[in-house]
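**Student:** Have a look at this one.
Derivation of every value follows stated rules applied to the coordinates shown; laboratory data play no part. Bear in mind that the values here come from a model prediction, so they are computed numbers and not experimental data. Cβ placement follows ideal geometry from the backbone for every residue including glycine, while neighbour counts extend to all protein chains displayed.
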């Protein structure tokens, strides 16, 4: 009887789900930050396959969204909200770097004092829209957003980075296929997004609108969001019939891919498939030479959110995700 019971237990354990594997998915969790009361809520995004891009007959369809193609995405976690000024200021000020994290993961080993620190802004980078609690950080460069991810990884021991374009669109669609996750009727957009029609020309505190079906807020509007990828208008034409976790690693500063549209944009730029590439004009008023690696002066409509992957890349590949260590 004991042998039979032990065999039953063994068979049960072999068949039971394994926590934090890409095959069975992962659970939502809250990332605490040692030395701060601030947290980052992370939402579980399941593994799946979706159609990336938009069909030719979608209203506002653009050439860089074609052809539509199948993409398979592994499970990952994405921040429920856009990264806020109060969170970004932890990285900017670096006052909590030396606070010990007693629950630090050993998933990734990065020395926090080796992470490049951002320069203190010399003007109000919010351009008068505010940097108070809950407001999305903006006017940060792709480099700055990536270094925040590196700093957070060093602080927590988990591997954080910007989402790829494919991950971002997959998460924004949340299992849907229309222009927006709620359908094609842009009259409903105001329920889910701050954009040109309702924003009064300013970003707003995160999480005030309805979330998408996977529990993510402000995927449309408020501030547009950096992704990991280099922006290439023709990239979809080079993809296989089904692509697995595609990414175009950046090789030059411009253009980088931005998604989701902002408080400044019309509905057409907030569609799940809509793509935008960064430009040098986003630093037009920067008087420095060379211009800042950390701050834009003319892109208060661009911020970011983060993802965590369960299986981190090799240490030799960190540079692909976080950029160089140069200041």
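**Student:** Given the rule -39500 (n - 2.57) for each run of at least 4 DSSP H residues, summed and divided by the residues of the chain, what is its mean residue ellipticity at 222 nm, to the nearest 500 deg cm²/dmol?
**Tutor:** Computed mean residue ellipticity for the chain: -4500 deg cm²/dmol.
**Student:** Springs between alpha-carbon atoms under 10 Å, Gaussian network over the chain: tell me which of 117, 175, 128 tops the mean-square fluctuations.
**Tutor:** In the Gaussian network model the winner is 128.
**Student:** So between residue 314 and residue 72, what do we pick up on full extension, going 0.36 nm a residue minus the alpha carbon distance?
**Tutor:** 85.0 nm
**Student:** Right, another one. Quick one: of the DSSP bridges fully inside the chain, what percent are antiparallel, nearest 5?
**Tutor:** 85 percent
**Student:** Let me ask something else about it. Select from 69, 142, 158 the residue whose mean-square fluctuation is largest in a Gaussian network model of the chain (Cα-Cα springs shorter than 10 Å).
**Tutor:** Greatest mean-square fluctuation among the candidates belongs to 69.
**Student:** Just grab the label-to-label distance for residue 251 and residue 120, each label 7 Å out from Cα along the Cβ direction, in nm (one decimal).
**Tutor:** Inter-label distance under the simple model: 4.0 nm.
**Student:** Looking at the square roots a ≥ b ≥ c of the eigenvalues of the Cα gyration tensor of the stretch 242-283, which shape do they give, rounded for a/c under 1.5, prolate if a/b is larger than b/c, or oblate?
**Tutor:** It is oblate, given that a/c is not under 1.5 and a/b is not larger than b/c.
**Student:** Please find, in a Gaussian network model of the chain (springs between Cα atoms separated by less than 10 Å), the residue of 54, 116, 44 whose mean-square fluctuation is greatest.
**Tutor:** Of 54, 116, 44, the Gaussian network model singles out 116 as fluctuating most.
**Student:** Does the stretch 88-244 classify as rounded, prolate or oblate by the C-alpha gyration tensor (a ≥ b ≥ c root eigenvalues; a/c under 1.5 gives rounded; else a/b over b/c gives prolate, otherwise oblate)?
**Tutor:** Note, shape of the stretch 88-244 comes out oblate.
**Student:** When the expected Rg is taken as 2.2 N^0.38 Å, what fraction or multiple of it is the alpha-carbon Rg of the stretch 25-316?
**Tutor:** Normalised by 2.2 N^0.38 Å, the Cα Rg of the stretch 25-316 equals 0.95.
**Student:** Quick check: convex hull of the Cα atoms in the stretch 144-199, volume per residue, rounded to a whole Å³?
**Tutor:** 129 Å³
**Student:** Hey, another quick one. Assign one of three labels to the stretch 49-162, namely rounded, prolate or oblate, based on the Cα gyration tensor with a ≥ b ≥ c the square roots of its eigenvalues; rounded applies when a/c is under 1.5, prolate when it is not and a/b is larger than b/c, and oblate otherwise.
**Tutor:** Oblate.
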